[in-house]
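Since the structure comes first, as structure tokens, the remarks are kept for the end.
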Amino acid sequence: MAVSNSLVKKTAKTGLTAYLTQDAVKKQINSVVGGKNGTRFISSIVSAVQTTPALQECTNPSILSAALLGEALNLSPSPQLGQFYMVPFDNKKKGCKEAQFQLGYKGYIQLAIRSGYYKKLNVLAIKEDELVHYDPLEETVEVNLIEDDIVREETPTAGYYAMFEYENGFRKTMYWSKKRMLAHAEKYSFAFYKNGGAKSLELLEQGKIPEKDLWKYSSFWFKDFDGMALKTMLRQLISKWGIMSIDLQKALDKDMAVIQEDGSADYVENNTTDVETNDVVADQDLQEVHIDAEEEQGESSDIESEFFNN
């Protein structure tokens, strides 16, 4: 059997050992990743679980199913690469924690590029004073980017720009101000809205949130607002105007879902009440991981649950 027991034995603390060494599970892994890649695949799961300790509390099948979907899409679960994430969420209905499959904005880019349709694809945070002019009618943009990378990194974000160009020359662009993105996050992200939204984000960025209260802000909209915004821009742009490969359609369809052993997707309950049902179905990004407001204060800094919104 290609999946090495010796590797799994070294990872007993992850809680996956007994599960991953079962013959049926090893057979399932090898059927997806191929015999010679089984050890590499298990190593990637172990690394992801070690990086996010809260994953150790999730059910083993949900971790494996999310990882297998990412593998089938040829994406890496490495948090450093940001292609997809296995994110813990507390399933109140089942009384357990499960791992969701979440596509990162870099995963969008990878899948779009592989489709072969796109000559150019870019998404960028625009810093304060960089935007000279954006014409939404002609879809032309003029910017004066800060040349010093360090200075630019430290400069507050003013908005977000995304564009693609097909090989045949068709081009589409989009720009959202940060104010619009904040309104979008507050409307569609329950965790962001209920914990103070834009006002809390500003206090968090200024370091004015007491350490004892930081557990409330584990949503990625608080932890990495720009990253969430970039995913939002790509999803808005590609899902409405772009050509999507089979893999990209699959990734979008199962984004923010717990993947069952049979491959079906179990989506997190949506808390937004002011959007049409069809929008919810089309934009699974609207779905949120719910963090119980009554959870113990020290717990959920590791529950990096959330979506990279629509």
task = Could you name every one of the helices (runs of 4 or more DSSP H) located completely within the stretch 199-293 that has at least 2 residues being β-branched (Val, Ile, Thr) and at pLDDT below 75?
result = 277-282
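So that you can scan it fast, the table gives a plain yes or no per residue for (1) of a type in the set (Phe, Trp, Tyr); (2) at pLDDT 90 or above; (3) within 30 Å of Ala191 (Cβ to Cβ); (4) in a helix (DSSP H, G or I):
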site: Val25; (1), (2), (3), (4): no, no, no, yes
site: Val32; (1), (2), (3), (4): no, no, no, yes
site: Ile45; (1), (2), (3), (4): no, no, yes, yes
site: Val87; (1), (2), (3), (4): no, no, yes, no
Among residues of the stretch 82-98, those that are within 21 Å of Ser44 (Cβ to Cβ) and of a type outside the set (S, T, N, Q), counted = 9
key: Tally, over the stretch 243-256, of residues that are in contact (Cβ under 8 Å) with a residue 40 or more places away in the chain and farther than 12 Å from Tyr108 by Cα   = 3
query = Can you spot a residue in the stretch 229-245 that is among the charged types (D, E, K, R) and surrounded by 20 or more Cβ atoms within 10 Å (Cβ to Cβ)?
reply = yes
note = Output for Cβ contacts, cut-off 7 Å, separation at least six or different chains, first residue under 19 Å from Lys254 (Cβ atoms) in the stretch 50-69, second polar (S, T, N, Q) and part of a loop (DSSP other than H, G, I, E, B), reads Ser65/Gln260
Test: residue in the stretch 159-182 that is more than 20 Å from Gly242 (Cβ to Cβ) and acidic (Asp, Glu) = no
query = Just one of Lys208, Lys127, Lys216 is closer than 23 Å to Tyr108 by Cβ, charged (D, E, K, R) and either surrounded by 13 or more Cβ atoms within 10 Å (Cβ to Cβ) or over 26 Å from the mean Cα position of the chain (by Cα) (or both); which is it?
reply = Lys127
key: Test result for Thr39, hydroxyl-bearing (Ser, Thr, Tyr), within 15 Å of Phe101 (Cβ to Cβ), modelled with pLDDT of 70 or more and crowded, with 16+ Cβ neighbours inside 10 Å   = no
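The values are calculated or read from the model by the stated rules, or taken from the named source; none is laboratory data. In this text, all values refer to a predicted model and were calculated from it rather than measured experimentally. Please note: Cβ atoms are built from the backbone with ideal geometry, for glycine as well, and neighbour counts cover all protein chains shown.
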